[in-house]
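Here's the structure, in structure tokens; my notes come after.
The values are calculated or read from the model by the stated rules, or taken from the named source; none is laboratory data. These numbers were taken from a predicted model, which means no experiment stands behind them. Counting neighbours? That spans all protein chains shown, and the Cβs are built from the backbone with ideal geometry, glycine included.
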Amino acid sequence: MYCGGCLRDNTLAAALLAASHQVLLIPLYTPTRTDENNLSEKRIFLGGINVYLQQHFSFFRRSPWLLDRVLDFPPLLKLASRWGIRVDPGHLGSMTVSVLKGADGRQSKEVNKLVRFLKQEAAPEIINLPNSMLLGLAPALKSELRVPVCCTLQGEDLFLEGLAEPYRSEALDLIRSHAGHVDGFIAVSESCASHMARYLGIDRKRIHVVSLGINLEGYGLPVALAPQPFTIGYLARIAPEKGLHQLCEAYRRLRQDKGLPPSRIRVAGYLAPEYRPYFRQIRKNVASWDLSAEFRYHGELNRRQKIAFLQELHVLSVPGPYDEPKGIFLLEAMANGVPVVQPRRGAFTEIIEKTGGGILVKPEDPEALADGILSLWKNPQRRVELGRHGYEGVREHFSASRMAESAVAVYRALGAGS
């Protein structure tokens, strides 16, 4: 719910299965969310309701496992995740620390259930934790299953930085103390690897890079778009760290100061309850600029709707004001021949430089962002060329099968299957 981890991990699992490997994708906290065929197990471990109740009420730390299974019922967790489970790190400090304590935390019962399931029913050759906030599981997994354990790094520092003190410091200390129980780490980009090595104090040599990959089925070059109205797209979660407010400010400058004729700004992505005030303020700002007729929010899209949305864009921009480690939305846009305009930071830089599918501009600068978008409006031929470079570059460097090949190489290097 918090990031694109579900999308990335589900795509990786599908590509590994297609390559004849055996994969068990186990959801934690809530059912996973993906716009493709969901390959995750139906049973959920460390269910969000149980984790919460065990954090706050001692009775549930000793309650019978049958009751826990009821509370882990997927439809109930889906309902809770939509209406009751917050993803705002400012409210989750004590629970984050407790989960990071693993078998010594208040959720030890949940840790034991997962370990027992993996040991008795799954018998894996390697275990890949999806992010460092689950490193509290590593000591028990390592001691009980005696197989390699690795951990993916894919942007959880944003959540950790949002924790209030003393929880942030405690969480970081626990992650660093558990890192020794992990055989290796996997980062989703070179920039993520370098940043997380510094942030978590991990030897950079222990971090392997497995670049993102996407399922390219159904993606293709769009039919020729009419030059007007010029359409700018945003496809990501609606949250301050994704930068929709900066894109809207850039659009205001394009329309009011830079001569862009009446155009369109199209927005799609998940909107969590805690970010509705943020989005309301954006709408209020757009209305105050008398541009509401040119702004449209499409909500959360399924895969078919996402492809249709992207193929109606002239350009896409998600100008996040932090070092984004992934950037799946860039790959999806470029896979459909849509050029991108992004701040020069994080994974954006390496994706665009590797594919040639867009323009990099000065970070956190709506003026520079507006100028980059304007250059593509003024030069349709360059826009088409960038779109084709991106289309070809994603297929060469960022396919799901390429990601799976890289992951298998890491797993084997860590001792899986040996």
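Restricting attention to region 50-73, which residues are in contact with a Phe, Trp or Tyr (Cβ under 9 Å, 6 or more places away or on another chain), over 17 Å from residue 104 (Cα atoms) and part of a helix (DSSP H, G or I)?
67, 68, 71, listed by residue number.
Find all pairs meeting these conditions: Cβ atoms under 9 angstrom apart; at least six residues apart or on different chains; first residue within region 404-416 and closer than 10 Å to residue 208 by Cα; second residue in a helix (DSSP H, G or I).
That search, which allows pairs on different chains as well, returns 407/12; 407/15; 407/16.
Quick test for you: out of 317, 263, pick the one residue that is among the hydroxyl-bearing types (Ser, Thr, Tyr), touching a Pro at 6+ places or on another chain (Cβ under 7 Å) and within 25 Å of residue 391 (Cα to Cα). Working first, answer last.
Working: 317 fails: touching a Pro at 6+ places or on another chain (Cβ under 7 Å).
Selected residue: 263, the only one of 317, 263 that is among the hydroxyl-bearing types (Ser, Thr, Tyr), touching a Pro at 6+ places or on another chain (Cβ under 7 Å) and within 25 Å of residue 391 (Cα to Cα).
List, please: which pairs have Cβ atoms under 7 Å, are six or more places apart or on different chains, and start with a residue in region 20-35 that is in a loop (DSSP other than H, G, I, E, B) and end with one that is of a type in the set (Phe, Trp, Tyr)?
Pairs found: 26/45.
Could you list, in sequence order, all residues of region 394-407 that are under 21 Å from the mean Cα position of the chain (by Cα) and part of a helix (DSSP H, G or I)?
Pass one, region 394-407, residues under 21 Å from the mean Cα position of the chain (by Cα): 394-395, 397-407.
If the condition is that a residue be under 21 Å from the mean Cα position of the chain (by Cα) and part of a helix (DSSP H, G or I), then 394, 395, 397, 400, 401, 402, 403, 404, 405, 406, 407 are the ones that fit.
Where in region 135-197 are the helices (runs of 4 or more DSSP H), entirely inside, with at least 2 residues that are crowded, with 19+ Cβ neighbours inside 10 Å and in contact with a Gly (Cβ under 9 Å, 6 or more places away or on another chain)? Write out each step before concluding.
Numbers: elements: 138-145, 157-161, 167-178.
Helices (runs of 4 or more DSSP H) meeting the threshold: 138-145, 167-178.
Whether any residue in region 274-287 is of a type in the set (Val, Ile, Thr), in the same structural domain as residue 375 (by TED's automatic domain parsing) and outside any strand (DSSP E or B) is what I want to check.
We begin by selecting, within region 274-287, every residue of a type in the set (Val, Ile, Thr); these are 282, 286.
Next cut, in the same structural domain as residue 375 (by TED's automatic domain parsing) only: 282, 286.
Next, from what is left, pick out any that are outside any strand (DSSP E or B): 282, 286.
Yes, region 274-287 contains a residue that is of a type in the set (Val, Ile, Thr), in the same structural domain as residue 375 (by TED's automatic domain parsing) and outside any strand (DSSP E or B).
I'm checking my understanding of the structure. Among residues of region 288-326 that are in contact with a helix residue (DSSP H, G or I) (Cβ under 6 Å, 6 or more places away or on another chain) and assigned to a helix (DSSP H, G or I), which one is surrounded by the most Cβ atoms within 10 Å (Cβ to Cβ)?
So the residue we want is 310.
Say whether the condition of being in contact (Cβ under 8 Å) with a residue 24 or more places away in the chain and of a type in the set (Lys, Arg) is met by at least one residue in region 169-185. Before the answer, list the steps.
So in region 169-185, the residues in contact (Cβ under 8 Å) with a residue 24 or more places away in the chain come out as 170-172, 174-176, 178-179, 181-185.
Checking the rest, the ones that are also of a type in the set (Lys, Arg) come to 176.
Yes, region 169-185 contains a residue that is in contact (Cβ under 8 Å) with a residue 24 or more places away in the chain and of a type in the set (Lys, Arg).
Determine which single condition residue 268 fails, assuming it passes every other condition in (1) surrounded by fewer than 20 Cβ atoms within 10 Å (Cβ to Cβ); (2) in contact with a helix residue (DSSP H, G or I) (Cβ under 6 Å, 6 or more places away or on another chain); (3) not assigned by TED's automatic domain parsing to the domain that holds residue 18.
(1)
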